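I have placed the structure first, in the form of structure tokens, so that the comments after it can refer back to it.
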Amino acid sequence: MSCYTFSLAHAKDDAQLRERMASDWIEGATAISLRREPSYFSASRLQGDKVQVIIGRDTVTGRVVATAARSITTVVLNGSPQRAALLSDIRVDRAHRGRGLAMQLLRALRTLDSTDPLPTHALVYDDNEVALRSLTAKRAGMPQWKQFGGLTVLALRLGKRRPELELDGVELRRAHANELPAVVHFLNAHRKGNWAPLLDVADFEPGGRCDTLQARDFFVAVKGGNPCAVIAAWDQSSLRQAHVERYSRPLAWMRPAYNAYAWVRGRARLPAHGQALPYLYLAFIAVEHHDTSICAALLRYTHNRLAEGPWLYALAALNNDDPLLPVFSAYPAAHSAVRLYEVDFETRADTTDAPSPDSRSCVEFALT
């Protein structure tokens, strides 16, 4: 019978961590795997400035069979900058499930939190019944998972342009290189909800967590010489990818015909089994006064430029109560629901810095 040891991962474990990511499929009508190639740790900088990865190793085979990551960065909580943690990549090899490994990972995370207590949050897909059952159930000695909201994740289908939407006095365009500081300032000023990342221009410089996002990847609406709306189109495929492992039977049947049509029209094609799905994120969405008309015009402008690119989908995630959500929902898209949790390890002596449950959240999905 297997026994397990738990420790913090190091660079030498990178290959096994990547193998673990590739092996754990997200099941559904279409099965996908979320991968981090060519380097697990390099991709992890997206999630935080400091990343601690716990690995559970089978002592018989020496293989990594369980993982959990704790990423630390600065976010906004109750209107002020604060260090906080994100829990992610909690995975257990299918062959080793039902042996209490998830609980042991949570105990190890609790130990990390006890040495550096921080407000902690996590995201769980609504249809991930295994994770919801094993992580959020109330058990003695385990952290409390308190849901504080939810996201609607839309995979907007690209490829077909729509008529542009023009507004008097509003210019729609890509940001210029010298405008990055102004864009960062605008985002920090208009994304003040709990868990919003606090951005700095240095984040976009080589080695920064957003260094794969360039100024020209930001689409901006400009009014009176100043930005009034921002949407970033962020292709993270050089760091992490989603691979199609199995199509649903209807989609597998129609894939050859669709790809022939896409080839004729010069559009992105559905990948073969095991290949990467061409997609990007619509990230850092901010609109002054939540103006839906400006948002609609900028989204249309962004969509039409991306339709000319190599992507099948643009992934956008908004709070369920976001007034801008109907603007994005007007596009053909696949929908997913994500639950947002605060994870309380009960190790903070002072809880005055805990996020207010009444405050609106602003989790950036592209950084999770």
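The values are calculated or read from the model by the stated rules, or taken from the named source; none is laboratory data. Just so you know, these numbers come straight off a predicted model, no measurement behind them. No Cβ is skipped: glycine too gets one built from the backbone with ideal geometry, and neighbour counts run over all protein chains shown.
Here are the numbers for the structure shown:
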quantity: Near pairs, Cβ below 8 angstrom, 6+ apart or cross-chain, from segment 89-112 (over 18 Å from Val51 (Cβ atoms)) to any residue that is assigned to a helix (DSSP H, G or I) and not aliphatic (A, V, I, L, M); calculated: Asp93/Arg20; Asp93/Ser23; Ala102/Ser134; Met103/Ser134
quantity: In segment 14-51, the residues that are closer than 15 Å to Asp93 by Cβ and either of a type in the set (S, T, N, Q) or in contact with a helix residue (DSSP H, G or I) (Cβ under 8 Å, 6 or more places away or on another chain) (or both); calculated: Gln16, Leu17, Arg18, Met21, Ser23, Asp24, Ser33
quantity: Scope segment 155-181; condition surrounded by fewer than 20 Cβ atoms within 10 Å (Cβ to Cβ), more than 15 Å from Tyr331 (Cβ to Cβ) and within 24 Å of the chain's Cα centre (by Cα); matching residues; calculated: Arg174, Leu180, Pro181
quantity: Residue satisfying condition, being surrounded by fewer than 21 Cβ atoms within 10 Å (Cβ to Cβ) and either without any contact (Cβ under 8 Å) to a residue 40 or more places away in the chain or at positive phi (or both), within set Pro310, Pro323, Pro332; calculated: Pro323
quantity: Segment 137-166 residues that are in contact (Cβ under 8 Å) with a residue 40 or more places away in the chain, paired with ones that are of a type in the set (A, V, I, L, M, F, W, C) and in a loop (DSSP other than H, G, I, E, B) (beta carbon under 6 Å, 6 or more apart); calculated: Pro143/Phe345; Leu158/Ala307; Leu158/Trp311; Gly159/Ala307; Arg161/Ala307
quantity: Any hit, segment 186-200, residues being touching a His at 6+ places or on another chain (Cβ under 8 Å) and either modelled with pLDDT under 95 or over 18 Å from Thr74 (Cα atoms) (or both); calculated: no
quantity: Any helices (runs of 4 or more DSSP H) falling wholly within segment 37-148 and containing at least 1 residues that are surrounded by 21 or more Cβ atoms within 10 Å (Cβ to Cβ) and at pLDDT 95 or above; calculated: 40-44, 101-115
quantity: Residue that is surrounded by the most Cβ atoms within 10 Å (Cβ to Cβ), among those in segment 217-237 that are under 21 Å from the mean Cα position of the chain (by Cα) and of a type outside the set (A, V, I, L, M); calculated: Phe218
quantity: Test: residue in segment 18-29 that is modelled with pLDDT of 95 or more and farther than 29 Å from Ser248 by Cβ; calculated: no
quantity: Any hit, segment 176-189, residues being assigned to a loop (DSSP other than H, G, I, E, B) and over 21 Å from His289 (Cα atoms); calculated: yes
quantity: The lone exception for Leu198 - which of (1) buried (at least 20 other Cβ atoms within 10 Å of the Cβ); (2) among the aliphatic types (A, V, I, L, M); (3) in contact (Cβ under 8 Å) with a residue 40 or more places away in the chain; (4) farther than 30 Å from Arg267 by Cα it fails; calculated: (1)
